[in-house]
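Novice: Quick one: the structure is below, and I'll ask about it shortly.
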Amino acid sequence: MTGNPANALPRLESAGLDGWMVRLFEQIDEANLPWITALARQCESAFGDALVDLVPSYTTLLVVFDPVRLSPSDARQKITDLLVELEPDEHMGTGQVHELPTFYDPSVGPDLDRVAEHTGMTVAEVIDCHSSKTYRVFALGFAPGFAFMGLIDPRLECPRLDTPRKKVPVGSVAIAARQTAAYPTATPGGWNLLGRTSARLFDREREGFSLLRVGDEVRFVSVSREEFERQGGDTTPMEAAG
Amino acid sequence: MTAQRKMESAIRVHRSGPLALLQDLGRFGVRHLGVTQGGPADLYSWAWANYLAGNPWGSASLEITFGGLQLVAERDLDIAIAGADLGATLDGQPVPLWQRITWKEGQKLAFASPVSGLRAYLSVRGGFAAEPVMGSVATVGREQLGGFDGWGSKLADGDRLAIYTPDGKPAEGMSEAPDDVRMDFRESPVLELLPGAQIGEFTGRSLYDAFNTWWRVDDRADRMGVRLLGPKLQCRIGSLISEGINLGGVQVPPDGQPIALLNDRQTIGGYPRLGALSPLSASRLAQCLPGQEVRLRACGSGPVLEHYRCFLAGFRP
């Protein structure tokens, strides 16, 4: 080993009395995910009842434990032991490829024109570019079931809106910088809206609640208005939807 | 377990007030889905209210913020109120806090406005009853989760609140909290902060300022987080790749004003952090009114952990 051991990865950083931040990587990369999901699974079995929560993200895994059952140093030792033997998962996330039927249209994707203008593409090219790639879920956050996916084609890169919208309708498909997402619930949001998916992204009655998990693969499939409505999609235009 | 217990309507909401939320311990094992923790912003007072009411750890209480709430009992109830003094009265008579009392059928329990602290916890013997969503009744309006209706809705005038019928046996344990555990939230607290990984990225001057300033609580303070006003803290890194944030995490956005993140925080975020408040210091901060002053003190985990374990040992089975 060379270099400064204090900066070597992976490393554990204090995240309060009952948490360790496991920093595995420096940069965002799809190749990070099978390592992060593998460590998350192993923490579940190694910590058992003493595990409170796990929050995987682009380059890290936050491990929250019960500080009555486990001291911070014992928790640290458990994680360190797991890291020594860690092998990446063969399948990331659930190993599924999700196809999200998406109605790309200015009525439900009011930023299509803005993105076209910003990128110098036609609207049709923007749609084609966004729907032709398979994306990876890097993290869930912001709202229940909200999946940060990427990376989108660099030609599509577009900054967030200067002023976020107060309410983005459920199912809205959006891009910002090199990432894409679909809004599981109506929330405020500053991403560029391209269309709407009929997929139910978050369902409290469903086993596992969230359609998408960290590591999953996702494709947006362009569908017609008729097909979108047939699948239960809501075509209420953006203005009326608020 | 809880499903077999009998639920009955026991309280009528006369005036819903600005903010009264049903809170059990919170929602756990779902943060990887982007679902926030929820639960009592002041765990300490919530635990005492339930304990004094004779309820087991984890029972649901009402977290009453600012005051304004008025409730009428529809039958005799044993209750306890702990946490903030919001000038509560029973049919106009001041209600003693931090002890078990009887709330008679027909009496109106009214919360006025903050005298000391910001959030009062009302526990009813038996516990408030609601159907858990994702394992908890904790109310998070933003996520449309929890509460009496399961959709995170606010209370409305005329609502009827259900409780689990107590077992009929007299409540065990102490009925009155010792003086030394009752908090006076008017004092300016010193909050324990466990330094985090980015603390070395702050300038020397900023680190001095961070721990030697009386920070003023901003108006921008809610269950997601509390912003502190004071000298501008400077960090050599402007943002991080988003990562999980634990309860009490103190993040510093580019404007240099720290924000301590509480129960309803977003699950991931990308600002550098000074570290994390201890759970009991996060509880204490949640009782601070805008304008109140607080200080941060850097601590090692040893004594803080001992103190926290000692607290939990008194309440948790």
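We did not get these values from a lab; they are worked out from the coordinates using the rules stated. Predicted, not measured: the structure shown is a model, and the values here were computed from it. FYI the Cβ positions are ideal-geometry reconstructions off the backbone, even for glycines, and counts take in every protein chain you see.
Novice: Decide, for segment A:97-241, between rounded, prolate and oblate: order the square roots of the alpha carbon gyration tensor eigenvalues as a ≥ b ≥ c, take rounded if a/c falls under 1.5, and otherwise choose prolate if a/b is larger than b/c, else oblate.
Specialist: Verdict is rounded for segment A:97-241.
Novice: A follow-up question, please. Which one of B:Gly126, B:Tyr44, B:Gly147 is farthest out on the positive end of the charge dipole of segment B:30-172, using unit charges on Cβ (Lys, Arg +1; Asp, Glu -1) and the Cα centre as origin?
Specialist: Result: B:Tyr44, furthest along the dipole toward the positive end.
Novice: If the cut-off is a Cα-Cα distance under 20 Å, which aspartates and glutamates reach B:Lys6, setting aside same-chain residues fewer than 8 apart in sequence?
Specialist: B:Asp24, B:Glu74, B:Asp76, B:Asp78, B:Glu105, B:Glu131, B:Asp149, B:Asp159, B:Asp167
Novice: Give me the tail of P(r) for segment B:2-181 as a percent: Cα-Cα pairs with distance above 19 Å.
Specialist: That tail contains 53 percent of the Cα-Cα pairs.
Novice: Further, regarding this structure: Using a Gaussian network model of chain B whose springs link C-alpha atoms within less than 10 Å, name the residue from B:Val226, B:Val124, B:Val133 with the highest mean-square fluctuation.
Specialist: Taking springs between Cα atoms under 10 Å, the residue moving most is B:Val133.
Novice: Still on this structure: List every residue whose amide H lies under 5 Å from the amide H of B:Leu145, counting only residues 5 or more places away in sequence or on a different chain, with H placed 1.01 Å from N in the peptide plane.
Specialist: B:Val140, B:Gly152
Novice: Using a basic spin-label model with each label point 7 Å from the Cα along Cα→Cβ, how many nm lie between A:Arg114 and A:Thr163?
Specialist: 1.1
Novice: Whole-Hz Karplus ³J(HN,Hα) for segment A:132-147, in order, using 6.51 cos²θ - 1.76 cosθ + 1.60 and θ = phi - 60°, x for Gly and Pro?
Specialist: 9, 10, 9, 10, 10, 7, 8, 6, 10, x, 6, 8, x, x, 7, 9
Novice: Given chain A reduced to its alpha-carbon atoms as identical point scatterers, what log10 I(q)/I(0) does the Debye formula return at q = 0.08, 0.09, 0.11, 0.16 Å⁻¹?
Specialist: These q points yield log10 I(q)/I(0) values of -0.36, -0.45, -0.64, -1.10.
Novice: For a quick size check, give me the Cα extents of segment A:1-115 along its three principal axes, largest first, whole Å.
Specialist: Cα extents, longest axis first: 55, 38, 29 Å.
Novice: While we're looking at this one, here's another question. Can you list residues from other chains, or at least 5 along the same chain, whose modelled amide H is less than 5 Å from the amide H of A:Ser198?
Specialist: The list, which skips near neighbours in sequence, is A:Phe103.
Novice: What percentages, rounded to whole numbers, describe P(r) for chain B computed over all alpha carbon pairs with 10 Å bin width beginning at zero?
Specialist: 6, 27, 34, 22, 9, 2, 0
Novice: Take the alpha-carbon centre of segment B:131-169, take the same for segment A:37-54, and report the distance between them in whole Å.
Specialist: 30
Novice: Here's something else I'd like to know. Roughly how many nanometres apart are two label points built 7 Å out from the Cα toward the Cβ at B:Glu306 and B:Arg12?
Specialist: With each label point 7 Å from Cα toward Cβ, the separation is 5.4 nm.
Novice: Also: Which net charge results when you count Lys and Arg as +1 and Asp and Glu as -1 among the other residues whose beta-carbon is under 15 Å from that of A:Leu70?
Specialist: Surrounding charge for A:Leu70 is -3.
Novice: Taking 51 Å as R0, compute the FRET efficiency from the Cβ-Cβ separation of A:Glu30 and B:Arg5 and round it to 0.05.
Specialist: So the FRET efficiency works out to roughly 0.60.
Novice: Nearest 10 degrees is fine. How inclined is helix A:33-47 to the longest principal axis of chain A, computing both from alpha carbons?
Specialist: 50
Novice: I would also like to ask the following. 5 Å is the cut-off here: which amide hydrogens, built 1.01 Å from N in the peptide plane, fall below it relative to A:Arg160, excluding neighbours closer than 5 in sequence?
Specialist: A:Ala177
Novice: Please check which bits of segment B:157-197 a label hung off B:Arg297 would reach, taking the label as a point 7 Å along Cα-to-C-beta and the cut-off as backbone N under 11 Å.
Specialist: Correct set: B:189-193.
Novice: I've got another one for you. Once you have the Cα-Cα distance between A:Arg41 and A:Arg11, take 0.36 nm times their residue separation minus that, and quote the gain in nm to one decimal.
Specialist: 9.0 nm
Novice: Which one of A:Phe47, A:Phe220, A:Phe228 has the biggest mean-square fluctuation once chain A is modelled by GNM with Cα springs under 10 Å?
Specialist: The residue with the greatest mean-square fluctuation here is A:Phe47.
Novice: Can you pull the three principal axis extents for the Cα set of segment B:194-293, in Å, largest first?
Specialist: 31, 28, 21
Novice: So what's the angle, to the nearest 10 degrees on a 0 to 90 scale, between helix A:72-85 and the longest Cα principal axis of chain A?
Specialist: Between helix and principal axis, roughly 80 degrees.
Novice: Then there's this: For segment A:100-111, what does the Karplus curve 6.51 cos²θ - 1.76 cosθ + 1.60, with θ = phi - 60°, yield as ³J(HN,Hα) per residue in whole Hz, taken in order and with x for Gly and Pro?
Specialist: Per residue, the Karplus-derived 3J(HN,Hα) values read 9, x, 10, 9, 8, 6, x, 5, 10, x, x, 9 Hz.
Novice: Which value, to two decimals, describes the C-alpha radius of gyration of the protein assembly as shown once divided by 2.2 N^0.38 Å?
Specialist: Values: Rg = 24.5 Å, N = 559, 2.2 N^0.38 = 24.3 Å.
Ratio of Cα Rg to 2.2 N^0.38 Å: 1.01.
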